Amino acid sequence: MSGKRTVEDFFRVEASSSDVTQERERNISRSSGSVDIPTISRSSSLMSLGSEPEDSRPGSQASDQVDVVIAGGCSISSQELQTIKDKMAALTNYYKLSHVIKSKNAPDTSSKVLGKTIKLRSTLVDTPVVLLPTHRSYADFLLISYIAYHYNLPLPVIAAGMDFMKMAVIGDKLRGSGAFYIRRSFMDNPLYWAVFQEYVQTIVECTGSPLEFFLEGTRSRSGKSLPPKIGLLGCVSEIWLRGRLPDLAIVPISISYDRTLEEKLYAYELLGVPKPPESTSGLLKATSILKESFGDIFIHVGEPVSVRSYLAPRVERHLSTSVPQHLASVTKSELCACESLGYHVLRQIQQGAVTSVWSVVCVQLARFLHGGRWSLPLATLVEEVAWLTGILRRTGAAVALEGTVEEGVVNSLSVHKQLASLEEDNVVSVQRIHQPASHPPITQKRIELSASTVEHAVTHLMLQHYINHAIHLLIRPALVALALRSLHHGAASTTENLKQRFAFLRALFGFDFMFEKDMEGRDFMEGLSVLTWSGEVSVVQEQVQMMQSGSPLLTTLHHLISPFALTYASTAVTLDSQTWEDNSLLVTAIQRQVERSIGSSGLYSALSQDSIRHAIRAFTKIGVVIRTSG
C-alpha cells in the first residue's frame, strides 16, 4: 500500500470517521440565520478546483482506481483529468445561501411533516443518506433543497446533466448551490467512469451532506415512473458492498404536482417534437407562465431503505471485501441485486405518492373523449369522480381531496382551465389545445401525422399525463381483468392459469409500468383482491369467474389499458412487416400504424413515442424480435 494513493489523496480529503460524524452533526445543528451551504469537504479544498496553483490541484494526483484505468492502456494527460473534474465538481462553498434563496416562505409545518423531518435528521447523523426523488419537472431540482433549507437540514449535493452547465449564469449558480455535472452517457469511457465513481463515493463517505439524484435518470414526460437507472445507484451501493461503510440509507421521495409546468411541452415531445435545449434565454421567457395558477405540490418523504438490510440477503459480500478495492468490479449478481433495489425504491416512491383530484377527473374526461364527447355535465363528472375516488382510497391511495367532491372538482378545473373549463351552464368542456395557426411551422415539420390527428393527440396526451400519475394504483387489477377477458367469452379460469396469463402481461408491459422484481405472486393477488372485493369476480375453489362484463370498474380499467394495448398491437404489426435497420424510422412507422388503427376508438394517447419505444424493448426482451446491432 505504500506506493498507492487512496481516494482521500485523489480528492485531498483529510478527515477521520469521527471527523465525518462530527461534521455531519455540525451541519445538521447549524443556526437558521445567514447560512453557508454545507461545504463538500472539511478541508474546503475538495471542490475548490481552479483556485489553486496548477501543480497542487487534485488533478496532479490520482487514486488507485484511476491508476488502474491508465495502466490498462488509457492514454490521459493530467490536464485532461483535471478538465473532467473541473466540469464535474460542485462548489458548495462558493455562494451564500441568501444569494440563491431570497425568502423563507414556509411550507406546511404540520406535525406529520415535522415528524418526518426529525426522523430524517436523526438518520443523517447516524448514516450517510442518499435522496431519491421522482423526476417529473425541472422544479424537482429546487424543491428538495428548499425544504432542506426551511427545516435546517444539510443541503444535498445534486447530480445534474451537463446540459445545465452550459446555461449562462444559471450553470454557475446551480453549481454553487450543490449541483455537480455529469455526462448523459459515459459507460464507454473508463477514465470518466473511474473519476465519476471516486467523486460520488467521496461525497457519500466524507461530506456529511446527502447525495441527491433522480433514480429514473430523466424527467418522465408521460407522468409514469420510468425504469430505474442503475449506474449511480450501483455506484453508491458499491460503498457498502466493498465494506467501506457499515450501511447507507436511501430515502425515497415522492413529488406530485397538481399541474406540471411542462405539461404542454411534454405532449409535443411524446409526439416526436425534439426537446428544446436548456438555455438561460429560454428560462427567462418561460417565467411568464408563473403568473398562472399551478395548484399544490405534494411531497412525501418515505421511510429510509437500508442498503445493508436489502442487499445482504441477496449478495455474498464477504467475497467482494476480499478483493482489493481498486481492482474490484461489480459482479453480475451484485448488479442484479442493485437493480432489484432500484425497483424496490420505485415501489416505495409510488406508494407514497399523493393522487390529486385532477388525476381522477382526467380518467373520467378521457373515458368520455374516447367516445368522441368533448363535454359533459358537471353533475355527471362529480358523480364519476366520487365513485372512483372511493375505489382508489379503498386500495390505500392518498387522494388529496379537501371539502366536498364537487368543490374539489371545481377547484381543479379552475387550475386547469386551459385544458378543461367549467362553462356557465355547468357543463365541463375539454379544450383543443393545438391550434395549427398559432404554432410555428417546425411543429408540423417534426410530426409526421395529419393535422387532425395532432389536434386530438395533444389534448389526449395532456390528459394522459395526469392519468398516469395514478395509473400505478389500478394497473394490477387492470392486467388481471385483461387476462380474464383474454379467455373465451370471459370463461372461468383456474387461479394458476389466470396467474400465468397475468405474469405474461406483467412482463410485456414491464417497461411502461414498474413492477418490483420477483413479486409476480404479490402483484397478482393485489389485482385479484381489488376485483374480488369490488364484486367484479368471484373466486370459488380456485376457480375465478367474471361476475359481469361492462360494469363501471371493468369499463374504467379497460379504458386505462386500451391505449397501451393499441400501441403494443401496432408495434407487433409493424415489426412483423419487414426488417428494420433504423430505430427512428421504426418508431415513426409504428406511430403511423397507430394513427391508422385509432379509427373511432379515440385512443390518441397511443401515439406516445415513449410507449412505442417501451413496446420495442419489451418485444426484444421476451424474444419476439431480435436486435442484431444498435
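Brief remarks on what is shown
- Test: Leu265 is closer than 27 Å to His416 by Cα and buried (at least 19 other Cβ atoms within 10 Å of the Cβ): no
- Residues located in region 190-238, provided they are in a helix (DSSP H, G or I) and acidic (Asp, Glu): Glu198, Glu205, Glu238
- Complete set of residues in region 559-586 that are of a type outside the set (Phe, Trp, Tyr) and crowded, with 18+ Cβ neighbours inside 10 Å: His559, Leu560, Ile561, Ser562, Pro563, Leu566, Thr567, Ser570, Thr571, Thr574, Leu575, Leu586
- Of all residues in region 599-616, those satisfying the criterion of being in a helix (DSSP H, G or I) and modelled with pLDDT of 95 or more are Tyr604, Ser605, Ala606, Leu607, Gln609, Asp610, Ser611, Ile612, Arg613, His614, Ala615, Ile616.
- Residue match in region 596-605 (condition: under 29 Å from Tyr343 (Cα atoms) and in contact with a Lys or Arg (Cβ under 6 Å, 6 or more places away or on another chain)): no
- The number of residues in region 485-504 that are touching a strand residue (DSSP E or B) at 6+ places or on another chain (Cβ under 7 Å) and in a loop (DSSP other than H, G, I, E, B) comes to 2.
- A count restricted to region 183-223 and to residues that are more than 16 Å from Leu132 (Cα to Cα), buried (at least 21 other Cβ atoms within 10 Å of the Cβ) and among the aliphatic types (A, V, I, L, M) stands at 2.
- Within the option set Asp576, Asp610, Asp582, being charged (D, E, K, R) and in contact (Cβ under 8 Å) with a residue 24 or more places away in the chain holds for one residue only, Asp610.
- Residues in region 239-266 that are of a type in the set (Gly, Ala, Ser) and either within 15 Å of the chain's Cα centre (by Cα) or assigned to a loop (DSSP other than H, G, I, E, B) (or both): Gly243, Ser254, Ser256.
- All positions within region 505-546 that are touching a strand residue (DSSP E or B) at 6+ places or on another chain (Cβ under 7 Å) and among the β-branched types (Val, Ile, Thr): Thr532, Val537, Val544
- Number of the exception - Met167 against (1) out of contact with any strand residue (DSSP E or B) (no Cβ under 7 Å at 6 or more places or on another chain); (2) at pLDDT 80 or above: (2)
The values are calculated or read from the model by the stated rules, or taken from the named source; none is laboratory data. Predicted model, so just to flag it, every value in this text is computed and none were measured. Glycine also receives a Cβ, built like all others from the backbone with ideal geometry; neighbour counts cover every protein chain displayed.
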